[in-house]
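Below: the structure, in structure tokens.
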Amino acid sequence: MEGARPISGIERAWLAASAQHPPFAIAVCVEAAAVGVPDLAAWTDAVRVAAAASPGARAVWRGALCRARWEPLVEPAVREVDGTEWSGMDPSGAPFLDVPLDPVRGPTAELLVVRGNPARLVFRVLHATMDGAGAVAFLRDVFRARRGEAPLGHDDVRTDLDLAAGDGTSGPPPEDALPPMGPPRGEPAGITWKRAALGPPPPALMGRVMQRLDAHARECAGAAEGHVRLDVPVDLRRGVAGIRSTANLTGMLALDTVPTETPEAAVARMRRAIAAGRHLERVRGAAFLRHLPQWLVSAGAAQGARRHGAQTRFSTTAVVSNLGFVDTEDLVAPDFRTHRLFIVPPYAEVTPLFVMLTGGPAGVDLVLASPVRFASDGRLDALLEHLTAL
């Protein structure tokens, strides 16, 4: 089928995560500059036009093993929801963000027209079908269509493995990293998140976040010894001329922090590791998942979740994703002018913390997502306060 593409090894892992911790979705949230009531019918038409040019927005899972593929069969849904009790700063008042997305029956994506003050649009997509950069790119096309412009479209069918060709693989790092907010407490299930809307970013933002995470993890552990290891997503589209795709084209760099480093030195060391291709190793290492039955991949994920519930050391302290500067000047329509954009990341209970950074003309938005057993007793609020003092 035209527009179909193979399901990559990383995407097979995200399918397992969505089965274990639904919805495991990315939510790109845009807040209007003023109160308004977006036209539901007009946005429904815009999503349909944009999705016609982007097969990944219509993706559903077909096939098995190495023949598993995403086929463009089901259009994204468009729903109007009540957000009058949602501040946009935490999950309270936003149950619509937790609605599962079905990878087999679809749809795997939806646009939420959120009534409230301010008005918001939220593009939700199953992470197994798109990464953050892909989701933002598709949302831009929805705005183009809403303005009556032709969408750019995203029809490249290459996978992350196609862009990571070469030698060298790696599996998960050893489970010796400190948790970011101290050990898990109790057995409460579930995830929570907190957001901070900040001003312009300081220099070496990623380095500052890395160093503050290092200091906080060591303080909460009551020990200077031990690893603080971060997983840093890296967009593989960079440097590939002409590629337009919403797929999971993201590498992953495992990087231990160095307590004595300056933020500038930390950023320089991260860039050297990316230049050396270290972020590609995890992509290659996950390729074998395409040859396993999905039930086995999901069983492995479930076993890992049970094991992590009793651990005090982990393979990573936190995932730190920096989408960089996202220009919102073209995220405008006759009934909507974007003021801020933030992303609620996909989250699972096997990762102690997910840090999501998104910049824009109005400033930086920081979202922290964490399992309740790590975030409890005000610990997530304390970390947010520590990180926002950049």
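At-a-glance table
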quantity	calculated
Some residue of segment 218-227 being farther than 21 Å from PRO174 by Cα, among the basic types (Lys, Arg) and open to solvent by 20 Å² or more (accessible area, probe 1.4 Å)	no
Criterion violated by ALA268 - all others in (1) at pLDDT 95 or above; (2) over 25 Å from PRO179 (Cβ atoms); (3) open to solvent by less than 30 Å² (accessible area, probe 1.4 Å) satisfied	(3)
Strands (runs of 3 or more DSSP E) lying entirely in segment 1-82 (those with 2 or more residues that are touching a Pro at 6+ places or on another chain (Cβ under 9 Å), under 23 Å from VAL344 (Cβ atoms) and open to solvent by 20 Å² or more (accessible area, probe 1.4 Å))	77-82
Filtered residues of segment 87-111 (kept if exposed (fewer than 15 other Cβ atoms within 10 Å of the Cβ), part of a helix (DSSP H, G or I) and not charged (D, E, K, R))	PRO95
Residues (in a loop (DSSP other than H, G, I, E, B), touching a residue at least 12 places away in the same chain (Cβ under 8 Å) and within 23 Å of ALA217 (Cβ to Cβ)) located in segment 259-282	PRO259, GLU261, THR262
Yes/no for LEU121 being without any contact (Cβ under 8 Å) to a residue 40 or more places away in the chain and open to solvent by less than 10 Å² (accessible area, probe 1.4 Å)	no
When residues of segment 1-33 are limited to those that are in contact with a helix residue (DSSP H, G or I) (Cβ under 9 Å, 6 or more places away or on another chain) and of a type in the set (Asp, Glu), the one farthest from PHE342 (Cα to Cα)	GLU2
Extreme residue, farthest from ASP214 (Cα to Cα), among residues of segment 245-264 that are hydrophobic (A, V, I, L, M, F, W, C) and buried (at least 16 other Cβ atoms within 10 Å of the Cβ)	ALA247
So LEU236, is it under 29 Å from ALA51 (Cα atoms) and either of a type in the set (A, V, I, L, M) or touching a Cys at 6+ places or on another chain (Cβ under 7 Å) (or both)	yes
Check on VAL157, touching a residue at least 60 places away in the same chain (Cβ under 8 Å), open to solvent by less than 40 Å² (accessible area, probe 1.4 Å) and not acidic (Asp, Glu)	no
Pair list, Cβ < 6 Å and 6+ apart or interchain, from segment 95-114 residues that are closer than 17 Å to TYR347 by Cβ and modelled with pLDDT of 95 or more to residues that are surrounded by fewer than 23 Cβ atoms within 10 Å (Cβ to Cβ) and of a type in the set (Val, Ile, Thr)	PHE96/VAL81
Number of positions in segment 163-197 that are part of a loop (DSSP other than H, G, I, E, B) and of a type in the set (Ser, Thr, Tyr)	2
Count - residues of segment 124-136 that are part of a loop (DSSP other than H, G, I, E, B) and either under 11 Å from the mean Cα position of the chain (by Cα) or surrounded by fewer than 24 Cβ atoms within 10 Å (Cβ to Cβ) (or both)	4
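The values are calculated or read from the model by the stated rules, or taken from the named source; none is laboratory data. Computed from a predicted structure; not experimentally measured. Don't worry about glycine lacking a Cβ; one is built from the backbone with ideal geometry, like all the others, and counts go over all protein chains shown. Just so you know, the surface numbers come from the protein's heavy atoms only, side chains and all, with ligands and any DNA or RNA stripped out. Shrake-Rupley method; radii C 1.70, N 1.55, O 1.52, S 1.80 Å.
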